[in-house]
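Before any comments, here is the structure.
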Ligand code: 1BN
Ligand code: ZN
């Protein structure tokens with residue numbers, strides 16, 4: 001079923017590959033569920049930030065982990081806290097917590113949805129060098145993707161789904177250093193070596209990273225296209241709203257790299273900016289990454305896109 005679905009998707013779905021926004025109407029047509037609630041996702045994003053920066057090893061990180069467990073328990077069939085130790089590039093060994101919410105554990109057709117929940121210990125892209133050793137709040141870089149996934153789980157709990165869905169909230173994505181790919185995505189790398197289910201083989205995965213900015217542009221990330229091009233087509237065909245741009249974007253070292261290398265095709269929905277020096281939004285790895293830059297309309301478009309993809313896989 002899925003193979004024919006990918007073939008049928010083609011690559012452009014009536015949009016040009018040169019940057020035309022995906023069609024809102026076409027994207028939502030196949031979906032009979034309630035619309036995704038961006039304001040509820042905003043609230044779940046805010047609640048994470050109220051703990052403070054979620055830097056691994058800090059009390060705020062531990063408190064947020066407990067809250068994530070409790071929140072997922074309300075909407076998932078099973079919730080797992082996976083603990084482990086990883087080696088950081090600069091801080092020595094580090095205890096991590098990956099948190100996994102499982103919906104319909106018995107279903108054989110499964111979708112993996114992931115986002116990182118940790119926040120970067122260093123605002124090293126801040127315009128003021130005095131802030132470079134301070135932690136970022138990570139409203140966008142961390143909390144936004146998690147907020148969308150927590151709200152998605154709540155809506156699926158209300159409305160039901162035939163699909164198996166695994167929500168993987170990974171730790172220690174953001175402890176990396178320049179020119180050292182393996183220093184990023186430490187929680188994900190740990191999970192690929194210790195999957196929560198043996199021989200785990202979902203249809204594919206979707207990573208959310210930095211999905212909350214009012215000015216977000218979600219172009220088709222390069223490594224996603226290389227590893228999982230058919231699934232990129234599927235996601236962008238189902239994209240809801242004007243933040244999704246049906247054009248090729250840049251390449252990002254992110255959690256999806258390690259998922260793809262582990263043999264699970266994985267698509268990164270990430271806010272890429274061709275007009276900024278970092279390639280990301282201006283708040284990226286600065287003290288400005290706070291709730292004031294988060295727009296519920298953007299969260300709604302991302303959540304709605306996931307609901308559209310799920311509806312299509314259910315058919
Ligand atoms: C995304 C958000 N990333 C970190 N915070 C991944 C990344 C790694 C981005 C290296 C740029 C360079
Ligand atoms: Zn980051």
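Bear in mind these aren't lab numbers, they're just calculated from the coordinates by the rules spelled out. This is a predicted model, so every value here is computed, not measured. Cβ atoms come from the backbone with ideal geometry, glycine included; neighbour counts cover every protein chain shown.
Things to note:
- Between region 220-278 and region 86-165, the alpha-carbon center distance in angstrom: 17
- Three-way shape call for region 5-314 based on the alpha-carbon gyration tensor, with the a/c threshold at 1.5: rounded
- 222 nm mean residue ellipticity, helices alone, for the chain (DSSP H n ≥ 4; -39,500 (n - 2.57); rounded to 500): -10500 deg cm²/dmol
- Burial order of peptide ranges 274-285, 245-256, 56-67 (average beta-carbon count within 10 Å, highest first): 245-256, 56-67, 274-285
- The chain - percent relative contact order, Cα under 8 Å, separation 6 or more: 27
- Packing, as the average of other Cβ atoms within 10 Å across residues, places the peptides 298-306, 188-196, 76-84 in the order 298-306, 188-196, 76-84, highest first.
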